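Undergrad: This is the structure, below, for whatever I ask next.
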Amino acid sequence: MTRPPVDRRTLLAGLAGGGMASLAGCPLLERGDDGATAEVTDERARDLAERFAPSMYFDRNEPWFPTDPRAYESEADGETVVDGFDALDGYVADWTGDVPPEPTVFYHVVEYADSPLAVVQFWFYSAFDQFTTNFHWHDWELLQVFVDTETGEPQLYVASSHSRSVPNNEFLDPDPDRPPRILSELGSHSSGLSVNDNAERFQRFPLDGDVADITNSVLDGVEDVAAIPLAYGLPRDEGLALPYVGPELDGESLSDHERLPSVDASDFVTEDLTVRSFDALSSPPANLPDRETGLRFEFQGRDADPDVAYDVVPTADLEHITDFTGPQLSFEFAIPEFAEDAIASHITTTGVPWQGDRYDDPASDISEARHRQALADRYDAIAAPSPVNQVVVGVTNAVTADEAPAGSGLATTDSSVETVALLESEPEAVPTFRGVAAVQDVPEGDHRLTINGAGVAPHSETVSVSGDDGPTVAGVDGEVPLVARENATKLEVDPDGADSDLTALAVEDDFAGRLYDAPLSGPDAVYLHRGGAFTTEVRDRADEVGAFRVNPDNEDRVRLDEPRTGKASLAEYVADVAAETRADVAAGVDEADIGDTDDDDDDRGGQAGGPENAVEGLTRALDAVVEAARRAADRAAAGDRGNADRSLEAVAMRLERVGSRLAAASDSLPPGLSRAADNRLAQARQRSEQARRADKL
């Protein structure tokens, strides 16, 4: 299955027609002071559970289905626990026929005091979790159905998605005559909703007259994330590839462990979807299998002719279990300068549902502000939403631009492979959805955001979360372009050697524009595509600017040891860009047609006499810029402000001549070179003007 094309105009029309709201820059919100709940234990609980028991559709490669953990419980230090080795090995050993062992869904029903609002929770237990961001012993997933007990109508579905840091899949005011449907994500069991007419497919957008499977709001005002409803969804059902990772324990594959005699490699996610490490690939994996539906589970009391019939059992039958245990697992997961132990909570065991907040406070799991507000408007027991900080970014791929000369420019394209985002100060990795990473409930302050994926060089930057209205948008205007490892050059900047206190670092490509822009407080690095031509900009605490030309070609590493700000740095940059452009023009045309360009009097020649004279005039004009800019840099470095400024005025005049000469010569230049020269001219003008305004020499 290929990713369905959705143009922006059609998408926005569909969103409007489907009644989906925009966050309009507002953050996702969390619970206020909700009313108290009481457990429903009588036949009403069973009736509600049977009525709303979900239909569940699993990937054809799914190895671990919902089961009953009581078969694997044991005693430890006087308490009842479920050990990860016992559960995984026992589950594999128990699966001897076509039907998975003990297909079971657990339910827990609570109602709010003095309110007609009740919540039916469906808890799904699996013996293991394996995904692209994590793996761990045991897995508990949750579907919540908020129900009005007076009308009997469902108000809201909330389907859990990986962690509390990822927006859930939610649907407001579902059809009361259709039980909920769950599309379980392979390996991780994240619960995608399916309320559209195609039961086996997730549909994020309300297109073609059909409803979307979520009513989560879209984030408006962020160019590269706009019009994407903020919910995890089901990436492999949306045409996005998800490479899985393999679990290890004590340096060896978990499938080879002596305490798992019944388990082998075939009991984990299939090999053709699995990568052994993100950094072992030179480029993102291609041709990963698409999602295909395998087994369909239905409640055994429903006449639905399922592949597997499951029973519903109250969670009260499990509450004697005090823990789900297992040693911390590990995997090859490249996080720059970041220890694997910091994400231990995400690669060890799951929690115990009846010990968590959601168990008795269901509304605390609502991740969509508009949904919480809707319930608050209807029921006094639900508090209005309150602000929660959120970090949002869109992830793209940096590739060579078709219109740029070789090694001279990039473009950014949508990524076909989902990646991983991690705020290192809040160590829980989250997967992207449709190339968007959204991390919720982030404390105020500075955080290091790392984005990584199979076959790409990792990206890492500092983001500052202020707590003001609106999400914190990472990257440049909400976009982070990643580079395939085979094309990556590492640009390192060390502010320790600078002549001022540097506070910011930015990188621009001649064609793709600004690619990196982040605070700088110590040594930093960014991976660049070797096919680009870059301007590296630094700023200091006095808001003085410095600029440097970077052309990585085939180098694996480029280092700026003494980044400077002020007139000298900017003038030197203008000279470098003009000299580079002059050399490219000379290489792009027949040198014999250019003539003798040693004469730097750019007032002669260039307009009359045909294309040869036009190119000759351009090269002379560029030579004149180089001369004047170098002179300005030397005078600034010598402390001669007056003469440096006069030289910069000459630079500005000569850049204008370059513009007119370029227009005259553009038809004589190779395809792409004219545009590259024009882009560089814009940079040179900008840096020339910054140099003239700079107070620092």
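The values are calculated or read from the model by the stated rules, or taken from the named source; none is laboratory data. Given the structure is predicted, the values throughout are model-derived calculations rather than measurements. Methodologically, a virtual Cβ is constructed for each residue, glycine included, from the backbone with ideal geometry; neighbour enumeration extends over all protein chains shown. Surface accessibility is based on the protein's heavy atoms, side chains included, excluding ligands, DNA and RNA. Shrake-Rupley method; radii C 1.70, N 1.55, O 1.52, S 1.80 Å.
One line per residue, one yes/no per condition, for (1) over 18 Å from Gly455 (Cα atoms); (2) at pLDDT 95 or above:
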residue: Pro481; (1), (2): no, yes
residue: Pro495; (1), (2): yes, no
residue: Leu505; (1), (2): yes, yes
residue: Asp509; (1), (2): yes, yes
residue: Arg514; (1), (2): yes, yes
residue: Gly522; (1), (2): yes, no
residue: Leu528; (1), (2): no, yes
residue: Phe534; (1), (2): yes, yes
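Undergrad: Next question. May I ask you to say which residue of Ala363, Ala406, Ala376, Ala384 is hydrophobic (A, V, I, L, M, F, W, C), at pLDDT 90 or above, open to solvent by 10 Å² or more (accessible area, probe 1.4 Å) and out of contact with any Gly (no Cβ under 7 Å at 6 or more places or on another chain)?
TA: Ala376
Undergrad: Do we have any residue at all in segment 251-269 that's aromatic (Phe, Trp, Tyr), in a strand (DSSP E or B) and under 30 Å from Gln203 (Cα atoms)?
TA: no
Undergrad: Being open to solvent by 10 Å² or more (accessible area, probe 1.4 Å), more than 27 Å from Val81 (Cα to Cα), in contact (Cβ under 8 Å) with a residue 60 or more places away in the chain and among the β-branched types (Val, Ile, Thr), is that true of even one residue in segment 296-315?
TA: No: segment 296-315 contains no residue that is open to solvent by 10 Å² or more (accessible area, probe 1.4 Å), more than 27 Å from Val81 (Cα to Cα), in contact (Cβ under 8 Å) with a residue 60 or more places away in the chain and among the β-branched types (Val, Ile, Thr).
Undergrad: If you take just the strands (runs of 3 or more DSSP E) that sit entirely in segment 402-508, which of them hold at least 1 residues that are basic (Lys, Arg)?
TA: 445-452, 488-493
Undergrad: Quick one: which residue in Val420, Val395, Val456 is farther than 27 Å from Asn216 by Cα and crowded, with 23+ Cβ neighbours inside 10 Å?
TA: Result of the check over Val420, Val395, Val456: Val456.
Undergrad: Output the number of residues of segment 653-679 satisfying the condition of being farther than 23 Å from Gly532 by Cα, touching a residue at least 40 places away in the same chain (Cβ under 8 Å) and open to solvent by 20 Å² or more (accessible area, probe 1.4 Å).
TA: Adding up the residues that qualify gives 6.
Undergrad: Within segment 136-160, can you find the residues that are in a strand (DSSP E or B) and over 18 Å from Phe106 (Cα atoms)?
TA: Hits for segment 136-160 are His136, Trp137, Asp148, Pro154, Gln155, Leu156.
Undergrad: Could I ask something else about it? Give me the residue from segment 228-247 that is part of a strand (DSSP E or B) and under 24 Å from Arg60 (Cα atoms) and, out of that set, most open to solvent (accessible area, probe 1.4 Å).
TA: Ala241
Undergrad: Give the number of residues within segment 100-117 that are among the β-branched types (Val, Ile, Thr) and open to solvent by 10 Å² or more (accessible area, probe 1.4 Å).
TA: Residues flagged as among the β-branched types (Val, Ile, Thr) and open to solvent by 10 Å² or more (accessible area, probe 1.4 Å) within segment 100-117 amount to 0.
Undergrad: Can I ask one more? If Gly14 passes every condition in (1) open to solvent by less than 70 Å² (accessible area, probe 1.4 Å); (2) at pLDDT 50 or above; (3) farther than 18 Å from Leu375 by Cβ; (4) assigned to a helix (DSSP H, G or I) but one, which one does it miss?
TA: (2)
Undergrad: Right, next: Could you list all residues from segment 255-302 that are under 30 Å from Tyr527 (Cβ atoms) and acidic (Asp, Glu)?
TA: Glu271, Asp272, Asp279, Asp290, listed by residue number.
Undergrad: Would you be able to tell me the number of residues in segment 174-187 that are touching a residue at least 40 places away in the same chain (Cβ under 8 Å) and either of a type outside the set (Ser, Thr, Tyr) or surrounded by fewer than 24 Cβ atoms within 10 Å (Cβ to Cβ) (or both)?
TA: Residues meeting the conditions: 8.
Undergrad: May I ask you to list the residues in segment 523-573 that are open to solvent by 10 Å² or more (accessible area, probe 1.4 Å), part of a strand (DSSP E or B) and among the small types (Gly, Ala, Ser)?
TA: Listed by number, the list holds a single entry, Ala525.
Undergrad: Answer yes if at least one residue in segment 377-385 is out of contact with any Lys or Arg (no Cβ under 8 Å at 6 or more places or on another chain), free of Cβ contacts under 8 Å to residues at least 24 places away in the same chain, closer than 30 Å to Ala36 by Cβ and not in a loop (DSSP other than H, G, I, E, B), and no otherwise.
TA: yes
Undergrad: Can you report the number of residues in segment 97-142 which are among the aromatic types (Phe, Trp, Tyr) and touching a helix residue (DSSP H, G or I) at 6+ places or on another chain (Cβ under 7 Å)?
TA: 7
Undergrad: When you go through (1) outside any loop (DSSP other than H, G, I, E, B); (2) over 34 Å from the mean Cα position of the chain (by Cα) one by one for Met56, which number turns out not to apply?
TA: (2)
Undergrad: To continue, here is another question. Could you check Thr133 against (1) out of contact with any Phe, Trp or Tyr (no Cβ under 8 Å at 6 or more places or on another chain); (2) farther than 22 Å from Leu254 by Cβ; (3) part of a loop (DSSP other than H, G, I, E, B) and say which number it fails?
TA: Checking Thr133 against (1) out of contact with any Phe, Trp or Tyr (no Cβ under 8 Å at 6 or more places or on another chain); (2) farther than 22 Å from Leu254 by Cβ; (3) part of a loop (DSSP other than H, G, I, E, B), the one that fails is (2).
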